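Okay, structure first, notes after.
The values are calculated or read from the model by the stated rules, or taken from the named source; none is laboratory data. All figures in this text were calculated on a predicted structure; none of them were measured in a lab. Counting neighbours? That spans all protein chains shown, and the Cβs are built from the backbone with ideal geometry, glycine included.
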Amino acid sequence: MALMLTGMSREGARFQSRSAFTGVGFTTTESEGIVSHPVRRRIVMLLMLLGNAGIATVVAASMLTFMETSRSTEWWQYVIVIALGLLTLWFVASSRFIERHLNRAIAYFLTRWAKLQVRDYVAILQLQNGYAVSELHVEPHDWLADKTLIDLKLPQEGVLVLGIKREEGAWLGAPTGDMEVHDGDTLVLYGPIRRIEELDQRRRGRRGDEARQEAVIEHGRQLEEQGEIDDRLDDERDDVLDDRRDGEDP
C-alpha cells in the first residue's frame, strides 16, 4: 500500500514488495524506478530488514518447535496446532475482504502521517497543483455505486474517469457515459487529490448529493480563476508580440 501511494500499480507494488521482503530481488524496470526514487527506496529498505528478521525468527522458532515435538509423546497435538496456524494465515492472506479493509486502514494512516501521496504523485507523474492519477475502490454504500458515468457527471467536479476495473478482472479503458459503476469496481481517476479523497468518502443519500453540489460550485470557481490566469497570459503574450513587431518596423 505504501508503494501504491507513491504512484505504482497494485500489481507492480505487490510484486516488488514481496520481492524485497523475501530477498529475491528481481531486476526489472520497476526495480530501477524504485532505486531512483527516494521514498520508494526507503520503503523497500525497510521491507528488506523486516524480511531478514522475519525469516530468521521463523527458522529459529520452527527448529525449537520440531525439537520439542520430537521429544513429546503427544506430537500430533503440535502438528495440529501448526496446521491450524498455517490455515489461519493462508485465510487471512487470501481474503479479499480483509485485504480491502486492511489496505484502507493502512492508506489512511500513511496519508495522514507519512504524506506520501501528494509529494510522490507530483514527483513521479510530473503533475502540479495537487493533481494526480489515483485508484478508487467502490463499495455498496458509496455515492458512486449503481450509477452510470453520465449520471455521475464527474467532469463537473474536475474529475475524469480514465478506466474501470471490474471486480471480475475485466478492464474498461476510456469508458463511455452509459457504463455503470458497480459495487466492487475500481475506478482509475484523474483530478485533484483532495477531490478524489472526498469522493472515496462520499456516501449515498442527501449528504452525498449536497457534497456533490458543493464540489461542482468549487470546481466552477476554479475554472473561473484558471480562465482569468489564461486571459492574463494571453494579454502578456500579445504585448510581447506587439513589441517585437514594433521593433521590426523600419
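Things to note:
- When residue 153 is tested against the conditions (1) surrounded by 13 or more Cβ atoms within 10 Å (Cβ to Cβ); (2) under 26 Å from residue 105 (Cβ atoms), the lone failure is (2).
- Output for segment 130-145, where each listed residue is outside any strand (DSSP E or B) and either surrounded by fewer than 18 Cβ atoms within 10 Å (Cβ to Cβ) or charged (D, E, K, R) (or both): 130, 139, 140, 141, 145
- Taking segment 88-103 as the range and being of a type in the set (A, V, I, L, M, F, W, C) and over 15 Å from residue 14 (Cα atoms) as the test, the residues that pass are 89, 90, 91, 92, 97, 98.
- Residue check for residue 209: closer than 23 Å to residue 141 by Cβ and outside any loop (DSSP other than H, G, I, E, B): yes
- Selection within segment 10-42 - modelled with pLDDT under 80 and under 18 Å from residue 108 (Cα atoms): 10, 39
- The set of residues in segment 161-182 being within 18 Å of the chain's Cα centre (by Cα) and among the charged types (D, E, K, R) consists of 165, 166, 167.
- Selection status of residue 220, modelled with pLDDT under 90 and assigned to a helix (DSSP H, G or I): no
- Among all residues of segment 223-234, there is at least one that is assigned to a helix (DSSP H, G or I), within 19 Å of residue 161 (Cα to Cα) and at pLDDT 90 or above.
- Unique match (being over 30 Å from residue 96 (Cα atoms), touching a residue at least 24 places away in the same chain (Cβ under 8 Å) and not hydrophobic (A, V, I, L, M, F, W, C)) among 191, 163, 158, 208: 158
- Hits in segment 7-38 - residues which are among the small types (Gly, Ala, Ser) and part of a loop (DSSP other than H, G, I, E, B): 7, 9, 23, 25, 36
- Every condition in (1) at pLDDT below 70; (2) surrounded by fewer than 11 Cβ atoms within 10 Å (Cβ to Cβ); (3) part of a helix (DSSP H, G or I) is met by residue 73 except one, and the failing one is (3).
- Filter result for residue 199 (crowded, with 16+ Cβ neighbours inside 10 Å and in a helix (DSSP H, G or I)): yes
- Applying a threshold of 8 Å to beta carbon distances and a minimum spacing of six or more residues, or different chains, the list of pairs starting in segment 93-116 at a residue that is under 14 Å from residue 200 (Cβ atoms) and not assigned by TED's automatic domain parsing to the domain that holds residue 168 and ending at one that is of a type in the set (Phe, Trp, Tyr) and at pLDDT below 75 is empty.
- Matching option when the condition is closer than 19 Å to residue 205 by Cβ and among the acidic types (Asp, Glu), among 178, 151: 151
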